Amino acid sequence: MARAREFDDTTVLDAATDRFWRHGYAATSVRDLGEAMGLVPASLYNAFGSKHALFALCLDRYLDRNMRERIERLEVQQAPRLAIEAFLKEIVARSLADPRGCLLVNSALEVAPHDAEIGAVIDARLGELEAFFHRCVLAGQRDGSIAAAPRARDLARLLLTTVMGLRVLARSKPEPALLRGAVRQVLALLDPPLTDQST
């Protein structure tokens with residue numbers, strides 16, 4: 001009969017997430033994780049498997065509380081064009097408030113180029129964000145709030161690139177005017193052309 005865990009999953013996973021978030025994936029050893037989580041390495045491996053598996057679990061928990069929560073809330077509460085605008089503005093506010101940046105973006109820069117397994121995890125998570133933008137753009141093009149001319153997939157990828165860029169830029173130049181100005185320019189690209197009212 002398996003022994004019951006002698007720790008709270010939420011507490012130890014929050015500790016592991018914070019360790020990865022503050023120090024990065026490569027610089028965080030299993031010993032570091034054990035110390036942060038209050039577990040000996042054997043208990044950590046028994047409970048969560050490999051460092052890869054623990055990181056993927058932490059990343060999913062982080063996204064559940066951040067990106068996925070934001071997507072679900074905005075898709076329910078806002079019209080498509082406004083959902084995109086609100087998402088980008090919340091990204092700017094979050095980037096300015098938290099010097100740790102975004103765990104997903106940090107990991108995409110640090111880990112994905114050198115670790116195919118984690119890279120695949122990150123690629124799938126970024127795909128969720130692109131899919132959200134794609135749904136919003138398609139819906140906005142249908143209701144006339146977003147320009148119909150650009151391909152929806154191209155606009156979704158532009159918005160994904162914008163999020164990545166905002167998160168990276170905020171780490172080195174956390175200037176509100178800079179980040180908000182970039183968002184204004186991207187949103188302007190979504191606007192449908194003005195009709196000529198003189199005819």
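The values are calculated or read from the model by the stated rules, or taken from the named source; none is laboratory data. Source: prediction; values computed, not measured. Virtual Cβ from ideal backbone geometry, glycine too; neighbours counted across all protein chains shown. All accessible areas refer to the heavy atoms of the entire protein, side chains included, with ligands and DNA or RNA removed. Shrake-Rupley method; radii C 1.70, N 1.55, O 1.52, S 1.80 Å.
Within region 67-124, track down each residue that is β-branched (Val, Ile, Thr), buried (at least 17 other Cβ atoms within 10 Å of the Cβ) and over 15 Å from Thr162 (Cα atoms). The answer is Ile71, Val111, Ile118, Val121, Ile122.
Check region 133-153 and report whether any residue there is outside any helix (DSSP H, G or I) and at positive phi. Yes, region 133-153 contains a residue that is outside any helix (DSSP H, G or I) and at positive phi. The residues of region 148-163 that are open to solvent by less than 60 Å² (accessible area, probe 1.4 Å) and modelled with pLDDT of 95 or more, listed by number, are Ala152, Leu155, Ala156, Leu159, Leu160, Thr162, Val163.
Residue pairs whose Cβ atoms lie under 6 Å apart, separated by 6 or more positions or on different chains, with the first residue in region 168-188 and open to solvent by 80 Å² or more (accessible area, probe 1.4 Å) and the second not in a helix (DSSP H, G or I), are Arg171/Gly101. Residue count for region 22-47 satisfying the condition of being open to solvent by 30 Å² or more (accessible area, probe 1.4 Å) and under 18 Å from the mean Cα position of the chain (by Cα): 2. Scoring Arg65 on the criteria (1) within 22 Å of Asp123 (Cβ to Cβ); (2) touching a residue at least 12 places away in the same chain (Cβ under 8 Å) leaves a single failure, condition (2). Among the residues of this structure, Arg171 does not count as one that is among the basic types (Lys, Arg), in a helix (DSSP H, G or I) and within 13 Å of His134 (Cα to Cα).
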